[in-house]
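Chemist: Once you've had a glance at the structure underneath, I'll fire off some questions.
The values are calculated or read from the model by the stated rules, or taken from the named source; none is laboratory data. The structure presented is a predicted model; accordingly, all values stated were derived computationally and were not measured. Every residue, glycine as well, gets a Cβ built from its backbone with ideal geometry; the counts of neighbours run over all protein chains shown.
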Amino acid sequence: MRVGIVAGSFKPYHKGHHKMVEIACKENDVVHVIVSLSDRNRVDQASVSGKQMEKVWNDHLVHILPENAKENLNLLPVGQTPVRIAYEMLEDAAESNSSNTFNIYSDPSDINRYNEKSLLNRMPKKFVEENIFRRPVSMTETHNVRGEDMRAWMTQRDKASFLKALPEKLSTPAKESIWYTLVGPDAVSFAGC
């Protein structure tokens, strides 16, 4: 069986992330989407809390995941990191002598979190060479949007750009709800504010 792994913080989850998940789902029998629910607080960027994203995932995003990923969505408790959980999953597979093929999907700049040296430090060479493959997915295959862009639009209250960059499978009310959950009410959408 071919098993895809897409792990990240996804704060917030945008159409580039969603396209990567769709690519993984087309190329694998089963896909594990591993999501950090730790808070993201950076200087000069909008903060995104894990509680906010948990609400967004449960209310909206889980419903648009391809079928072979829905049952394997893993929303991690605060403090657990997606990359560590992906490694643990691979280690468990190696220990059980799994014959599955594991394909790890990530942005080209992040794929080295799964470098051969790190994998070999944790798993037998034969398993790493025969069962684990890294699949960088560039923006040319997905959409030209980054989490940094999304957080900048949140800070600038640029709702139009933010909503446009959310996954296309979301309904307009779902997109509005995500904006409200992450940014809060605004005078246009919520005239009573």
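Chemist: Can you tell me which residue within region 4-26, out of those that are of a type in the set (Gly, Ala, Ser) and either under 8 Å from the mean Cα position of the chain (by Cα) or assigned to a helix (DSSP H, G or I) (or both), is nearest to Ala86 (Cα to Cα)?
Modeler: Ala7
Chemist: Looking at region 123-148, which of the residues that are in a helix (DSSP H, G or I) and either at pLDDT below 95 or touching a Cys at 6+ places or on another chain (Cβ under 8 Å) (or both) is farthest from Thr172 (Cα to Cα)?
Modeler: Filtering first and then ranking leaves Glu148.
Chemist: Now a separate question. Tell me which residues, restricted to region 72-85, are in contact (Cβ under 8 Å) with a residue 40 or more places away in the chain and closer than 27 Å to Thr101 by Cβ.
Modeler: The answer is Asn72, Leu73, Asn74, Leu75, Leu76, Gln80, Thr81, Pro82, Val83, Ile85.
Chemist: Name the single residue that is farthest from the chain's Cα centre (by Cα) among those in region 168-183 being surrounded by 15 or more Cβ atoms within 10 Å (Cβ to Cβ) and β-branched (Val, Ile, Thr).
Modeler: Val183
Chemist: Additional query: Only residues that are under 22 Å from Lys169 (Cβ atoms) and in contact (Cβ under 8 Å) with a residue 60 or more places away in the chain: list them for region 24-52, please.
Modeler: Ala24, Glu27, Asn28, Val48, Gln52
Rundown of residues vs (1) touching a Lys or Arg at 6+ places or on another chain (Cβ under 6 Å); (2) modelled with pLDDT of 95 or more, yes/no style:
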site	(1), (2)
Asp44	no, no
Ser49	no, no
Pro66	no, yes
Pro82	no, yes
Leu90	no, yes
Phe102	no, yes
Ile111	yes, no
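Chemist: Could you please find all residues in region 57-95 being touching a strand residue (DSSP E or B) at 6+ places or on another chain (Cβ under 9 Å) and part of a loop (DSSP other than H, G, I, E, B)?
Modeler: Hits for region 57-95 are Leu65, Pro66, Glu71, Asn72, Val78, Gln80, Thr81.
Chemist: Collect the residues in region 112-148 that are of a type outside the set (Gly, Ala, Ser), in contact (Cβ under 8 Å) with a residue 40 or more places away in the chain and buried (at least 17 other Cβ atoms within 10 Å of the Cβ), keeping them in residue-number order.
Modeler: Hits for region 112-148 are Ile132, Arg135, Val137, Thr142, His143, Val145.
Chemist: Just one of Ser98, Ser109 is of a type outside the set (Phe, Trp, Tyr), surrounded by 15 or more Cβ atoms within 10 Å (Cβ to Cβ) and part of a loop (DSSP other than H, G, I, E, B); which is it?
Modeler: Ser98
Chemist: Follow-up. Can you name the number of the only condition in (1) under 15 Å from the mean Cα position of the chain (by Cα); (2) buried (at least 19 other Cβ atoms within 10 Å of the Cβ); (3) at pLDDT 95 or above; (4) over 20 Å from Ser118 (Cβ atoms) that Asn72 fails?
Modeler: (2)
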